[in-house]
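See below for the structure under consideration.
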Amino acid sequence: MYTFAILVNSMIRPLLCLLGLLISCSSFAQNAEIRGFIYEAESSEPSIYTSVYLKGTTYGAQTNLDGFYSISKVPPGSYTLMVTSVGYDSITIPIVLKAGDKISKKIFLKKSSVQMKEVNVSAESEEKKTDVRISVNKITPKEIRQIPTVGGEPDLAQYLQVLPGVIFSGDQGGQLYIRGGTPIQNKVLMDGMVIYNPFHSIGLYSVFDADIIRGADIYTGGFNAEYGDRISSIMDITTRDGNKKRIAGKVSANTFTAKALVEGPIKKEKEGEGGGISFLMTAKTSYLDQTSKSLYSNLDSAGLPYSFTDLYGKISFNSSSGSKLNLFGFNYSDDVDYNAATNLHWTSSGFGTNFLVVPTGSAAIIDGNFAYSGYKINLKEPDGRDRFSEINGFNTGLNFSYFLGKDEFRYGLEMLGFKTNYQFTNSFGSSTDQTENTTELAAYMKLKKIIGKLVIEPGVRLNYYSSLSETSIEPRLGMKFNLSNTIRLKAAGGFYSQNLMSASSDRDVVNLFYGFLSGSDDLPKTFNGKDVDSKLQKARHIIAGIEFDLPFHLTLNVEGYFKDFNQLENINRDKIYENDGQHSEKPDYLKQDYIIENGTARGIDFLLKYDYKKLYVWAVYSLGYVKRFDGIRTYEPSFDRRHNINLVTSYRFGKKDVWQANVRWNFGSAFPFTQTQGFYEQLGFPDGTGTNTSNQNGQLGIFYGELNKGRLSTFHRLDVSLQRSFHLSKNSNLEITAGATNVYDRENIFYVNRVTNSRVYQLPFLWNFGMNLTF
């Protein structure tokens, strides 16, 4: 702890000197600054990714997820401020800037009464040149709704599956593996709160209601210093506020799920006046375990034994200056019941607050959060080898951002504390129990600097893990070079660490149990002939890419990546003996609770996108290689997929675009698995050497082949949906959706029963129908 404080102090001193120098240089230039917030007039919700620029100049910006924009280092003079966004009336505001001016403009956009054929995108084009944006996908509700809906309701989980570098392991119990990283190596944040399990067991739904998402940033690698405590990827989700003008809501029902949403003002906000207070509440439930038996005759008698319930609520306090405070809470639950033989149940709940402060006359904005969340999962199996895992804790952070022309400087502090409890008995009868408390501290800083055609983003992060008494210094770097107005090179890299490990082995092919463990001291002392000097999981990323603005509104993005997982920790599935004096001569891999591994992930992703007027096309091809080494052998983990293709098309048609057709086709090459070589009778020897084997009935034992040397069959599936909207009144719309999953009924393998050799498949052809009413 003392060492961490010294390191933070040594980092902050030069940081403050650098910041003072940048601010003084900015002030010396005696330029002006325009900043503020853009809102939608109908609901007072922030208008995200809206273009704000000074007409006829290169000065401009795009609003962020809070609707905030900042245009600084503007020379004195007379200008025209332009605000443009698709589907909204453009706004033109004459302004006169004097040296040293800091003007704040709060602007409300009104929906366009006529269909826009073109929209000025000068600020968006400028953002492409001034932001690194490597290995990040910025998702809005619009994109989520362009994927064919499974069950009639759009969901973030279904959209994530089409992102470059993302591998989805299956419809039932499926998890997302991002550029070689496992689910435990992916950090999920909702308004700054850590969400430990973001996906339901059915694999088609996340815990996030698509109607409350304002935006989501998905970092598949190479993320900068503001994010930490994970070694592969980040999902940062921001929810929207409730309607600040009127009571509104939505009710929907389909063959899989039903939900209700209500929102409105507690204190109404009026344009040009003080702030307001609003609320938002949503509830979603699944009855798939019931409808799958009654509606789908092509399923077996057990149907699809999945059900869940999600509850979420939020209150937002907004000031006239743009500063705000949010209070929110949630409760998610999930159940799986396989013929009363295997039962799984998990719950996740939490509450938190976040805030944004915009100091008057300052070049900075301040944001922060505090949250407490917990997660508990219990799996009961027929053989009595039950599993239990629980994690709960808090996380808090404080961040400062300075906008200096097109440059930006950001730094912050974070603290996280959690408790884990885990219980498991393996097939050899050996038990693993762990209860741990830990606290993690972090400090970071990041600078974005534009030098001609070069954009550079250096950063550094310090993480201190108190339970392991270990500090990790993690440099990060992002870069972009503008070869021309339409071609840009980019690269990113960094060092990463984490303390959490999964309660499931990376070797498991199918596993509904998703638990957590804290990093342990009970690790092998050596690995691959070298001393183990760290208890953390660690990785290094190198990513490089090129992006093209092609003719006919096409964009092409190509990225290659290499992730070096130089230290991983896993549950030891081979443990037979207790780690005590009696078995001191046994090898570590037969008595340690955990093992150390390393590995690599490398690949290349291609993304071709067309989004213009009525047509949206998204085409992705990913080539990937994942390797693991456990000290004995090199193997390909169960999620190693060589080729992955996703094709998505969405088309709006009819008068006022009331119809929308969506199509998605996914192809994935075969996953690896461990083959069966033979069977034998496994005797228990209850009386030791005196056991009479002639009258003993043993259990069926299996001789396994080499680890993951076999390959299952390829995966491919076509999903379609068709939507029709009916305008009922000024604020009311009815939408009817019909669709189908796995249109040509492809038998995609889920797993094979090793004893009977019978195959269990992923979802067959399933039709769906749904209706929703917004008011």
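The values are calculated or read from the model by the stated rules, or taken from the named source; none is laboratory data. Everything quoted here is computed from the prediction, not taken from an experiment. Glycine also receives a Cβ, built like all others from the backbone with ideal geometry; neighbour counts cover every protein chain displayed. Ligands, DNA and RNA are stripped out before the accessible areas are found, and what is left, the full protein with its side chains, is counted by its heavy atoms. Shrake-Rupley method; radii C 1.70, N 1.55, O 1.52, S 1.80 Å.
Taking every alpha-carbon pair within the stretch 487-629, the share separated by more than 25 Å comes to 48 percent. Less than 5 angstrom separates the built amide H of ALA503 from those of GLY515, PHE516, LEU517, all sequence-distant by 5 or more or on a different chain.
Charged side chains reduced to their Cβ positions (Lys and Arg at +1, Asp and Glu at -1) give the chain a dipole of some 2940 debye around its Cα centre.
Considering only Cα atoms, the convex hull volume of the stretch 192-334 works out to 136 Å³ per residue. Placing unit charges on the Cβ atoms of the charged side chains and taking the dipole of the chain about its Cα centre, the candidate lying farthest along the positive direction among GLY77, THR257, ILE107 is GLY77. If R0 equals 22 Å, the separation of the Cβ atoms of ASN697 and THR756 corresponds to a calculated FRET efficiency of about 0.70. Would you mind pulling out the separation of the Cα centroids of the stretch 57-115 and the stretch 543-588, in Å? Each part reduced to its Cα centre gives a spacing of 44 Å. Length, then width, then depth: along the principal axes, the Cα atoms of the stretch 618-775 run 85, 36, 27 Å.
The share of C-alpha pairs in the chain whose separation exceeds 46 Å stands at 23 percent. For the stretch 524-601, the list of trypsin sites (Lys or Arg not before Pro) that fall in a loop by DSSP and count at most 10 other C-beta atoms within 10 angstrom reads LYS525.
Taking the three principal axes of the alpha carbon atoms in the stretch 345-475, the coordinate ranges are 65, 29, 29 Å, sorted in descending order. When the Cα positions of TYR332, THR360, HIS643 are compared along the charge dipole of the chain, THR360 comes out farthest toward the positive end, with charges on each C-beta of Lys, Arg, Asp and Glu.
One decimal place: the segment PHE351-THR57 gains 101.3 nm when fully extended, by the rule 0.36 nm per residue minus the C-alpha distance. Membrane-span-like helices in the chain, defined here as complete DSSP H runs extending at least 18 Å along the helix axis by their C-alpha atoms with mean Kyte-Doolittle hydropathy no lower than -1.0, are 2-28; this is a sequence and geometry rule, not a statement about a membrane.
Heavy atoms of the protein chains alone define the surface here; on that basis the chain has 41 Å² accessible area per residue at 1.4 Å probe size. The slack between PHE667 and TYR625, meaning 0.36 nm per residue of separation minus the straight C-alpha distance, is 13.5 nm. Label-to-label distance, ILE366 versus ARG633, with points set 7 angstrom from Cα along the beta-carbon direction: 5.8 nm.
Of the chymotrypsin sites (Phe, Trp or Tyr not before Pro) found in the stretch 540-611, the ones in coil according to DSSP and having at most 10 other Cβ atoms within 10 Å of their Cβ are PHE552.
Here the chain exposes an accessible surface that is 56 percent carbon and sulfur, computed with a 1.4 Å probe and the other protein chains kept in place. Go ahead and run the numbers for FRET between HIS727 and LEU398, Cβ-Cβ distance against an R0 of 35 Å, rounding to 0.05. It comes out at approximately 0.15. Here LYS102 is the anchor, and the aspartates and glutamates within straight C-alpha reach of less than 16 Å, apart from those fewer than 8 places off in the same chain, are GLU33. When the chain is described by a simple charge dipole with +1 on each Lys and Arg Cβ and -1 on each Asp and Glu Cβ, the residue from TYR610, GLY393, PHE552 located farthest towards its positive end is PHE552.
Give the cross-link partners of LYS98 among the lysines, using a straight C-alpha distance below 21 Å as the criterion and excluding same-chain residues fewer than 8 apart. Excluding near neighbours in sequence, the set is LYS55, LYS73, LYS106, LYS406. Summary of packing: across the peptides 193-206, 358-371, the per-residue average of other C-beta atoms within 10 Å ranks them, highest first, as 193-206, 358-371.
Here, the stretch 354-413 has an Rg and a Dmax of 21.0, 67 Å when only alpha carbons are counted.
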